[in-house]
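My structure is below; once you've seen it, I'll send some questions.
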Amino acid sequence: MNPETIDAEVADRRARRRRFKLLFLDRESRMSLQAQLTTQIKEMIRSGHLASGDRLPSTRDLAADLRVSRNTVVYTYDRLISEGYLQSRMRSRIYVADTAPALQRAERERGRRQTIRVPASVPAAGGSNAPVPFRPCQPDVQLFPLDMWNLLRNRALRTSHRSLLHYNSAAVLGLRELRENLATYLRESRGVRCEWWQVAITTGSQQALYLLARILLQAGDRVYMEDPGYQGAVGAWRAANADIHYLPVDAEGVVIPALADSAAKLVYVTPSRQFPTGVSLSLSRRLALVNGAADSATWIVEDDYDSEFRYGAAPLPSLQSFDVSGRVIYIGTFSKLLFPALRLGFAVLPVPLVERFQELKSVVDDHGPMIDQATLAAFLDTGAFYSHIRRCRRAYAERQRSFLEAIQKHGLPLEFRYTDGGMNLTGFLPADYDDFESSARFRRAGLDVPALSSYSGRVAERRADRFSGNHCERGLVFGFTAFTPDRIRRGVETVVRTGLR
Ligand SMILES: Cc1ncc(COP(=O)(O)O)c(C=O)c1O
């Protein structure tokens with residue numbers, strides 16, 4: 001090489017190093033040096049400081065200038081090459097890649113879109129998600145025996161020799177031990193007729209509802225739904241574009257139409273304790289429902305979400321236990337018995353539905369979380385489950401008493417008709433009260449007391465004027481299980497101070 005070429009090469013090398021003087025690495029930062037370097041070189045490309053074809057300093061020079069190890073620069077260049085920002089040409093010289101401008105544009109676009117449209121549903125940071133009085137359907141997570149749970153979890157992990165950590169597509173409907181233990185519990189305590197392989201473990205009962213809607217319903221199929229009723233179920237039927245017909249609820253539970261003439265594909269009911277009113281379905285209506293379904297090939301979805309919480313009497317047998325023709329699909333959840341974030345529920349499927357349910361479930365999530373299922377199987381097997389239910393039942397019975405005593409002292413115009421159990425008490429209001437307005441006032445006073453009408457699908461769809469529709473009475477739904485008697489009393493004082501409209 002002649003001296004002029006050497007001089008030009010040196011000048012060129014200096015110029016290259018000078019351009020990179022603007023890089024600054026913060027050694028106090030929590031971001032690694034490599035990550036800082038990567039971001040800053042991308043920024044130089046994005047801002048136009050480096051253009052396609054520009055050559056970068058050698059790894060040795062840049063490492064020396066920045067006083068970092070050469071590996072830091074080597075890894076940074078490798079990463080930017082793999083992302084398409086840089087390319088390596090002859091004799092391992094590094095250049096800004098031809099694709100870099102397109103990447104810059106894409107990133108700029110992405111950045112612009114992100115700043116414009118953050119959906120309103122994105123949750124804000126922080127904040128407590130603990131329920132405030134009197135949010136319905138909330139178990140008291142303080143009562144849950146976490147130490148015992150963790151013990152059983154550790155034991156399950158140890159004894160499984162890490163087999164719980166693999167994919168396990170064979171367990172798409174749940175871990176076999178859990179399905180077996182659950183089937184035993186459901187047979188003994190709820191009279192459910194089933195074999196263990198009919199029990200499908202789902203991500204909360206909500207997933208069971210969704211999957212059932214998908215396998216049983218075509219767009220336009222008629223579904224009968226309690227009104228007021230569980231809006232989670234309404235959501236599932238709507239997702240299948242079903243034609244939802246709302247059934248009124250009276251003192252004997254949901255009013256059952258003659259199924260044989262109705263062409264209904266599916267009826268959703270909460271017979272043990274109607275949600276949210278709390279009324280139990282009378283025996284004559286239970287029989288009418290299962291017999292009607294048998295004659296008309298209608299499916300019944302029985303949602304048995306909180307029947308264990310019956311105070312002073314044994315839980316009622318399930319509707320499924322009356323069903324001899326296999327039309328009832330029994331669903332339940334551990335959200336209330338254990339804790340909601342567990343997201344474990346189940347469906348007991350009539351034999352002809354097992355395979356279709358399994359096929360769809362495998363498309364949705366392959367299988368549910370194995371470690372929690374193994375822990376729950378042990379929780380049932382060791383009896384810890386039963387002790388926990390007994391403890392909750394005692395605490396919740398006392399809380400229900402505290403609530404009723406506190407509220408009845410004040411002569412409010414609320415009528416509590418169904419008080420034999422459950423997690424909520426519905427106070428019915430006289431017809432000239434506005435439950436939406438009362439609920440909004442309570443919300444401003446720091447309470448969470450939903451209006452009974454807010455559980456009405458007809459009101460939500462504006463098919464009924466909430467003041468004239470005879471389907472849904474007005475009232476307020478008070479959950480009491482997650483709050484200590486003292487908190488309940490203070491909550492009731494706020495109710496009294498705020499007043500009803
Ligand atoms: C009637 C009814 N079914 C089911 C559930 C529970 O659903 P998941 O198992 O999805 O938590 C609730 C919860 O509030 C409910 O009120």
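The values are calculated or read from the model by the stated rules, or taken from the named source; none is laboratory data. It should be emphasised that the depicted structure is a prediction, and the values quoted were computed from it without experimental measurement. A quick note on method: Cβ atoms are made from the backbone with ideal geometry, for glycine too, and the neighbour counts reach across all protein chains shown. The accessibility values were calculated without ligands, DNA or RNA, using every heavy atom of the protein model including side chains. Shrake-Rupley method; radii C 1.70, N 1.55, O 1.52, S 1.80 Å.
Have a look at Leu360, Leu338, Leu380 and point out the one that is away from the ligand (no atom under 16 Å from the Cβ) and open to solvent by less than 40 Å² (accessible area, probe 1.4 Å).
Leu380
Shifting gears a bit: Considering (1) within 16 Å of the ligand (Cβ to nearest atom); (2) open to solvent by 40 Å² or more (accessible area, probe 1.4 Å); (3) free of Cβ contacts under 8 Å to residues at least 60 places away in the same chain, say which one Val324 fails and leave the rest.
The number of the failed condition is (1).
Additional query: Looking for whichever is among the β-branched types (Val, Ile, Thr) and within 13 Å of the ligand (Cβ to nearest atom) here; the options are Ile256, Ile331, Ile300. Which one fits?
Ile331
Quick check, is Asp261 open to solvent by 50 Å² or more (accessible area, probe 1.4 Å) and away from the ligand (no atom under 14 Å from the Cβ)?
Yes.
Which ones in region 338-366 are more than 16 Å from the chain's Cα centre (by Cα) and not in a helix (DSSP H, G or I)?
Those that are more than 16 Å from the chain's Cα centre (by Cα) and not in a helix (DSSP H, G or I): Ala347, Val348, Leu349, Pro350, Asp366.
Quick check, is Leu212 of a type in the set (A, V, I, L, M, F, W, C) and assigned to a helix (DSSP H, G or I)?
yes
Of the residues that sit in region 191-240 and are open to solvent by 20 Å² or more (accessible area, probe 1.4 Å) and hydrophobic (A, V, I, L, M, F, W, C), which one is farthest from the ligand (Cβ to nearest atom)?
Restricting to residues being open to solvent by 20 Å² or more (accessible area, probe 1.4 Å) and hydrophobic (A, V, I, L, M, F, W, C), the top hit is Ala219.
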